[in-house]
Amino acid sequence: MTRVKPAVGIHDLTHVYVSGKGAFVALEKVGFTLEAGEFVSLVGPSGCGKTTILSIIAGLIEPTEGHVEVGGQPVSGPSRKVGYMLQHDYLFPWRTILANSVIGLELNGKVTGEQKAEAVRLLAEMGLKDVAGSYPHQLSGGMRQRVALVRTLITSPDILLLDEPFSALDYQTKLTLEQLVSETLRSRRKSAVLVTHDITEAIAMSDRVIVLDRGPGRVRREILVPGPIRSACPMKAREMPGFHALFNEIWGELEEMEARREPS
Ligand code: ADP
Ligand code: MG
């Protein structure tokens, strides 16, 4: 298995939002790559363009300049190769959990019995076997996010984009889900880009952490997570030697940006 091309290549993205108030440069020459099977986190101040980057990778918005390649192919619109999971689960209240899970497949026609069986299997893997026939309002926030994960995985994307998927959850649920997502993606050799406000989450889940700056959004630093922390599961990673030093390093970067922003 030789794979020369990175799973995702992000090249010199510049993005300008134009609105009634004028033009706003959200990104300036943002570039990084994501290898097959790699997990990368994006951290940075609010408004530095994290969601914009994910939306460009997903083919939902076209960058003003630069381009993205997924599996060596230029992105020109949404594709099955890329799955997107958001903070809000966007489950349809009138559909059962099983019916919500297969929604991404319906865009390609009628869902087959085999695909439904696969959805049931995935739901079971996520500990949701007993709620397949329930409705979203009957589930907790953590369970709903697990349904969102099933819905994202069912279309077999190569790359998952995760935009703060755990940030609305309580701490315990969040740790459990980090663990589940990490194991699931690792065992399936999926690549992922996670946006998070939580530095510990970024370190614990990733192979690499990319620190973004704002005004306009750009890559400030790329930090490789050391091997032992990388190979540990998110819960154990937090207890590893070196974890805290890495936390302080990233925290320092974010603080410096904050200090620069507010003239004292
Ligand atoms: P982040 O996810 O890092 O918080 P976003 O990518 O959502 O940042 O937004 C980056 C910047 O672009 C922000 O300042 C935001 O206000 C601005 N922005 C986002 N979407 C639009 C839009 N549709 N029109 C104008 N400005 C936008
Ligand atoms: Mg955002």
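The values are calculated or read from the model by the stated rules, or taken from the named source; none is laboratory data. Predicted model only: the values in this text are computed from it and were never measured. Positions of Cβ are backbone-derived with ideal geometry, glycine not excepted, and every protein chain shown enters the neighbour counts. When the accessible area is computed, the model is the full protein with side chains, heavy atoms only, and any ligands, DNA or RNA have been set aside. Shrake-Rupley method; radii C 1.70, N 1.55, O 1.52, S 1.80 Å.
Miscellaneous remarks
- Restricting the stretch 211-225 to residues that are open to solvent by 30 Å² or more (accessible area, probe 1.4 Å) and assigned to a loop (DSSP other than H, G, I, E, B) leaves a set whose member that is farthest from Phe24 (Cα to Cα) is Arg214.
- Residues (open to solvent by 20 Å² or more (accessible area, probe 1.4 Å) and in contact with a Leu (Cβ under 9 Å, 6 or more places away or on another chain)) located in the stretch 177-210: Leu180, Arg188, Lys190, Asp207, Arg208
- Qualifying residues in the stretch 28-86 (those that are polar (S, T, N, Q) and within 16 Å of ligand 2 (Cβ to nearest atom)) - the one farthest from Glu258 (Cα to Cα): Ser55
- Residue that is part of a helix (DSSP H, G or I) and away from ligand 1 (no atom under 16 Å from the Cβ), where the choices are Pro228, Pro241: Pro228
- The stretch 62-78, subset open to solvent by 50 Å² or more (accessible area, probe 1.4 Å) and either touching a residue at least 40 places away in the same chain (Cβ under 8 Å) or of a type in the set (Gly, Ala, Ser) (or both), residue farthest from Asp12 (Cα to Cα): Ser76
- Filtered residue count, the stretch 104-114, keeping only those that are touching a helix residue (DSSP H, G or I) at 6+ places or on another chain (Cβ under 8 Å) and either surrounded by fewer than 17 Cβ atoms within 10 Å (Cβ to Cβ) or not in a helix (DSSP H, G or I) (or both): 1
- Number of the exception - Leu160 against (1) surrounded by 23 or more Cβ atoms within 10 Å (Cβ to Cβ); (2) within 15 Å of ligand 1 (Cβ to nearest atom): (2)
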